[in-house]
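First up is the structure itself, then whatever we jot down about it.
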Amino acid sequence: MNRALRAATAGVLLLSPVALSACSAGQVTQTATQERDKVGAMAQIGDITLRAAELETPRGGSYDAGDDAELTLALVNGGQDDDTLVAVDGEGFGDVEIEGPGSSDEIEIAAGQTVFVGEDDASIRLTDLDDPLITGQFLELTLTFENAGEVTLPVTVSTPDDVQDRGETFDFHHEEEGGEEGAEEAARERESAGE
């Protein structure tokens, strides 16, 4: 093998790891297409896009069985024809109360417009929850539009904007019962148990 061919082969072998590692540079990563939990659920059906769908943060930090939960979301109509939200279905609650601007039981979304449910005189209330719900838990809801059809998405209980008081912590060592003496007693019990 001549010297030039050997030098070319060595160069290719030395540079191939650099060339291979550069193959992924500039590519779209998987995380670039994921939505953050903080913004709520998103979905699209036909010309209708649902954004930031979530259940309002419950007072006191959790919903009890029998409570009502308010749904908040943005309904975006990117089409040239009006559409109407006519139903919300799912499990985990008794009934749904839909109120739109100027009408009840449905919410109209004009072509090229956005309706903010929870604002804009539009509301969706899930009544009589079957079970308690806390932040991070979700209900699967199916929204039906007159023209676009049905879309199902998980709607999570939203995270509170401020820190929630969790109440008193549990005293595992019973130190509060006897002050320093209780703490010393607990330490002796741990020692005798071999901890």
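The values are calculated or read from the model by the stated rules, or taken from the named source; none is laboratory data. Nothing here was measured: the structure is a model prediction, and the numbers come from that model. Note that we place each Cβ from the backbone using ideal geometry, even for glycine, and neighbour counts take in every protein chain shown.
Listed values, structure above:
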item	result
Residue 158 vs. criteria surrounded by 15 or more Cβ atoms within 10 Å (Cβ to Cβ) and more than 17 Å from residue 39 (Cα to Cα)	no
Subset of region 97-149 (residues that are of a type in the set (Gly, Ala, Ser), part of a strand (DSSP E or B), surrounded by 15 or more Cβ atoms within 10 Å (Cβ to Cβ) and modelled with pLDDT of 95 or more)	123
Residues (touching a strand residue (DSSP E or B) at 6+ places or on another chain (Cβ under 7 Å) and under 21 Å from residue 59 (Cβ atoms)) located in region 100-134	117, 118, 123, 124, 125, 126, 127, 128, 129, 132, 133, 134
Extreme residue, surrounded by the fewest Cβ atoms within 10 Å (Cβ to Cβ), among residues of region 42-73 that are modelled with pLDDT of 90 or more, charged (D, E, K, R) and under 18 Å from residue 130 (Cα atoms)	64
Pairs with Cβ under 8 Å, 6+ apart, first in region 80-104 and over 16 Å from residue 150 (Cα atoms) and among the polar types (S, T, N, Q), second part of a strand (DSSP E or B) and modelled with pLDDT of 95 or more	104/98
From 39, 28, residue being of a type in the set (A, V, I, L, M), under 20 Å from the mean Cα position of the chain (by Cα), surrounded by fewer than 19 Cβ atoms within 10 Å (Cβ to Cβ) and at pLDDT below 95	39
Residue 160 being within 13 Å of residue 54 (Cα to Cα), in contact (Cβ under 8 Å) with a residue 60 or more places away in the chain and not in a strand (DSSP E or B)	yes
Residues of region 68-96 that turn out to be within 18 Å of residue 159 (Cα to Cα) and either among the hydrophobic types (A, V, I, L, M, F, W, C) or not in a strand (DSSP E or B) (or both), as a count	5
